[in-house]
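The next block holds one structure in the form of structure tokens; read it before the comments.
Every number in this text was worked out from the coordinates using simple rules, so none of it is lab data. Just so you know, these numbers come straight off a predicted model, no measurement behind them. Here the Cβ positions follow ideal geometry from the backbone for every residue, glycine too, while neighbour counts run over all protein chains shown.
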Amino acid sequence: MSMKPRVKPRGAFWLLLWMAAFFAGGSALFVSDTAKADSLSVQVDRQSISLNETLTLTVSYEGRQVNSDPDFSGLSQFDVLANHKSTQHSIINGNISASTEWQLTLAPRNSGQVLIPPLSLQGQHSKALTITVTEPSSDPGGREDVFLETFVDKSTVHVQEQFIITYRLHFNQSVDSLDTGQFSIAQARVEELPRVDYQKTLGNTAYGVAEFRYAVFPDASGTIQVPAQTWTVRTTDQPGMNRFGFGGGRFKLHRVRTRELAITVSPKPTDYPVQKPWLPAQNLRITEQWSRSPDEFRVGEPITRTVTVTAEGVGPEQLPPVFDERGTDDLKFYPDKPEQDKQLTAQGVTGTRTESVAIVPNRAGELNLPELSVTWWNTAENRVETAVLPARVLHVAPTDAQSAQSQTAEVVAPKTVIEPITPAPVIAVSSSWWPLIALLLAGGNVVFLALWWRASRRVAQSPGAPQQHTNPGLSQALRELDSACRSKDAAATRSALQHWARLHWPGRQTTLQDIGRWSSDPAFAGELAKLDALLFANDALSTEGRQTVDFEELSKAARRFRPTSDQPSQSTLPPLYKVS
């Protein structure tokens, strides 16, 4: 049996090699087709637009599905007004592909050649585009649906002087939304004023007009630049909707631009008084009110004076104080905290400052109340002016106790004629008479002392004799007064004094001023007036006031008080209605 040698199948080797190459090539072709499918492209609806118009940028990504957005940070020369994203999937010959698209509404910020830089996503990059942006037409002529005008009331002002910028928006369709952006000016304070709305006809077209006004107060001299701004207005095409409101129909975006302004700011005029606070205003007035008539001033009794300064074209923080809180030598001032207010109108800012002060005279007579004045710069007339409340003379009446003392002092004493003393002749007396004379003098003194003691007993035992501290309620009231005075509690002291006074004068409404008048004790009345002023003063002066009131003297004066026959009657009628 013959055996043939085994031969290896050479064709199988080549078959395996060909199959490996085929699959490798197919894989490479698939990868190449996939890489080719991933692409990022951009396109715009217009290459040339006006500065007040918008354009649509379409960004398309073909390939795999993506969850992120392209990097839009490079679109810094445009305002992105809208961004809508959509994704579509498709299967062609069993192959699954995705397409993602972004539609952006862009508004240019500046005119000229504006670049849309390449965008990137998933390692893919788009090409750059250049857009030509032209200036908008300067003469709308009533033919635009929406247009904007810019006005300023002054082109030259002084530092801190108010000027008003007005933006007048015209529209003949319903305004669905409005974006004016952030309004601010470097080195200036801005106050937004109330909007003014009205209608206006241009040619044969009726327009709604909305005026947006801003009051500007420059902080430094020089030139202030008010930058141009771009507003975005969305309207509907419904006829007759020429006002702000919501409507149906199709929406349209409008881009309108304000005009750039340059304002010259001058420093404070050289003829303005150096020692006076700088205050530019259109108008300024100063007024006063009194809690009671100034003719009713009495020593130790406060009357409140309220002064109000009102200035047009000025903020309340610019108004200076008007009172000298130190008062005068004869008048004590107890001021309240000033009140500030401002009113915003279409014509600008009106500032108000109100100051109130309680005035307490220290002595009776004619006292001078100084004038009050506010110096200001009249921006309408370009001159220095001063608003004045003139000085006045206050006729201050004394307290009742002081009046009684004055009347007593005015009683004319009888004249005493002093004769020259002539030495009496020396009479020689016998020494035997001296014991008898001494005995007679001693007896006379004893008789006089006996008669005086008997008269005192009769007065003490009489029904009308004053019994100061036999009343238990009065003793308790004095103990309460002592306790309040030791703690220097002004409110508690006043309450204890009024309780003590009602026991002496039942049925009468007692105030500290009444107690001082009825007591006929000048020292007592003076301390009561100080206590009344302390209670009227504000918190900042309370500590100083407690140091000036002699609480110990108040307690001692109440204990040494004795009722007399000339005390006020028990009638409950106020003093004004008593029959003289």
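Here are some notes:
- Measuring r between the beta carbons of ALA82 and SER120 and using R0 = 25 Å, the FRET efficiency lands at 0.70.
- Cα-projected label distance for GLN199 with ASP45, points at 7 Å along beta-carbon direction, nm: 3.2
- Segment GLN476-TRP452, extension gain: residue separation times 0.36 nm, minus the distance between their alpha carbons: 5.2 nm
- Links that overshoot a 26 Å alpha carbon limit, given the list LYS154/LYS342; LYS200/LYS342; LYS154/LYS200; LYS276/LYS337; LYS127/LYS252; LYS342/LYS530: LYS200/LYS342; LYS127/LYS252; LYS342/LYS530
- Separation in nanometres of the label points that stand 7 Å from Cα toward Cβ, at ALA262 and GLU296: 6.4
- In sequence order, the stretch 66-82 has phi-based couplings of 10, 10, 10, 10, x, 7, 9, 5, x, 8, 6, 8, 10, 9, 7, 8, 7 Hz under the Karplus curve 6.51 cos²θ - 1.76 cosθ + 1.60, θ = phi - 60°, and Gly or Pro positions carry x.
- Protection-proxy order for peptides 122-131, 306-315, 253-262, each taking the mean of Cβ atoms within 10 Å per residue, highest first: 306-315, 253-262, 122-131
- For LYS332, nonlocal amide neighbours, meaning residues 5 or more places apart or on other chains whose placed amide H falls under 5 Å from its own, are VAL360, ASN362.
- Net lengthening on full extension, LYS252/ALA206 (0.36 nm per residue, minus Cα-Cα): 14.7 nm
- Taking Cα centre as origin and charging only the Cβ of basic (Lys, Arg, +1) and acidic (Asp, Glu, -1) residues, the dipole magnitude of the stretch 37-134 rounds to 80 debye.
- A convex hull fitted to the Cα coordinates of the stretch 37-134 yields 89 cubic angstrom per residue.
- Backbone HN-Hα couplings from phi across the stretch 499-506 [Karplus 6.51/-1.76/1.60, Hz, Gly and Pro as x]: 4, 4, 5, 5, 6, 7, 10, x
- Label-point separation, ASP336 to PHE323 (7 Å along Cα→Cβ), nm: 0.9
- The stretch 280-396: C-alpha gyration tensor shape, a/c 1.5 cut-off, then a/b vs b/c: prolate
- Here the Karplus curve 6.51 cos²θ - 1.76 cosθ + 1.60, taken at θ = phi - 60°, turns the phi angles of the stretch 167-178 into couplings of 10, 10, 9, 9, 7, 10, 10, 5, 8, 7, 7, 9 Hz, with x standing for Gly and Pro.
- Proximity of backbone amide H atoms, modeled 1.01 Å from N, is registered between GLY313 and GLN282, VAL349, THR350, GLY351 at under 5 Å, excluding neighbours fewer than 5 places apart on the same chain.
- Cα gyration tensor shape for the stretch 100-233, rounded if a/c is under 1.5, else prolate or oblate: oblate
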